[in-house]
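Participant: The structure is given below, and queries will be raised subsequently.
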Amino acid sequence: MSSRVFRPRLASSLLLIVPLMLGCGGKDDDTAAEDANGGAAADNAPPSTEPAPAPATNPNVAPLTTADIDRWDKGMAGELKAIEEAGAKIKSARSGEDTLSAMMGVQEMATIGAGAQAAGVELERYKFVRSNLSAVASYLTPSQGGIDTTLLSQAQRDELRQMNDTRIQQMQQDVPPEVVDALKPRAVELRKKDLELVGARLKGAGMQ
């Protein structure tokens, strides 16, 4: 009697266990298959062909162009005008405070904005243009406001020219060779204007 009761109960328990085992096994198989397929797809994925983004370039310090030579020329004219206007205010000043304020107007930090406006570029770009072209012009014309080359021997003049050429070559990342070539015919003229600007500042400040 007891054996007949046990067998149906055992059969019922087995019927419950088998689907559970099958269900668990099926889930594990599906997951393993998905993982395998995913790994295979990742391994077979083609490499990305999109180019890496180029680093952002600051336009204010981009290499100079030949057009920047004219911009520098116009900028110096604008600064000279600002200095002359400040000088006129010094002459008409009625108090020490007015005189001091007008004298500050001839300083580089006060006129550089007028230079940038006359050149038609941003202030930081004008500073970059002016600094580099002023340096190159001075290397191209060492006799202007600098060394009296007539007092040097030929060997010394050759050594000076070679030294200045080396300095210009070291600047070619900012001042390319074509810009230097375009500057050469105007180097003396622009160097004189650069020195005139310095002299006007000193005169406006009462130092000349």
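Nothing in this text is a laboratory measurement; each read-out follows from the coordinates by a stated rule. Note that this is a predicted model, so its numbers are computed, not measured. Glycine gets a Cβ as well: all are built from the backbone with ideal geometry, and neighbour counts include every protein chain shown.
Participant: Over the alpha carbons of segment 108-169, what is the largest minus smallest coordinate on each principal axis, giving the biggest first in Å?
Facilitator: The Cα atoms of segment 108-169 stretch 44, 22, 15 Å along their principal axes.
Participant: Still on this model: From the C-alpha gyration tensor of segment 62-204, pull out the three semi-axes of the equivalent ellipsoid (sqrt of 5λ each), sorted largest to smallest, in whole Å. Show your work: numbers first, answer last.
Facilitator: On the way: eigenvalues 200, 76, 21 Å².
Largest first, segment 62-204 gives 32, 19, 10 Å.
Participant: What nm value, rounded to one decimal, do you get for the distance between Thr65 and Ile168 when each label is placed 7 Å out toward the C-beta?
Facilitator: 2.2 nm
Participant: Expected output is a single nm value to one decimal: the length gained when fully extending between Glu189 and Glu84, i.e. 0.36 nm times separation in residues minus the C-alpha distance. What is it?
Facilitator: On the way: separation 105, 0.36 × 105 = 37.80 nm, distance 2.02 nm.
Roughly 35.8 nm would be gained on extension.
Participant: Between Gln154 and Leu100, what's the calculated FRET efficiency when r is the beta-carbon distance and R0 is 45 Å? Round to 0.05. Write out the running numbers ahead of the final one.
Facilitator: Values: r = 51 Å, r/R0 = 1.13.
Efficiency, from the Cβ-Cβ distance: 0.35.
Participant: Please report how far the C-alpha centroid of segment 64-99 lies from that of segment 159-208, rounded to the nearest whole angstrom.
Facilitator: 19 Å
Participant: Still on this model: To make sure I understand the rule: partners must be lysines, Cα under 17 Å from the Cα of Lys127, and not fewer than 8 residues away in the same chain. Which ones qualify?
Facilitator: Lys74, Lys193
Participant: Assigning unit charges at the beta carbon (Lys, Arg +1; Asp, Glu -1) and nothing else, what dipole magnitude in debye, to the nearest 20, does segment 62-204 show about its Cα centre?
Facilitator: Values: 19 positive and 21 negative charges, 69 e Å.
Computed charge dipole of segment 62-204: roughly 340 debye.
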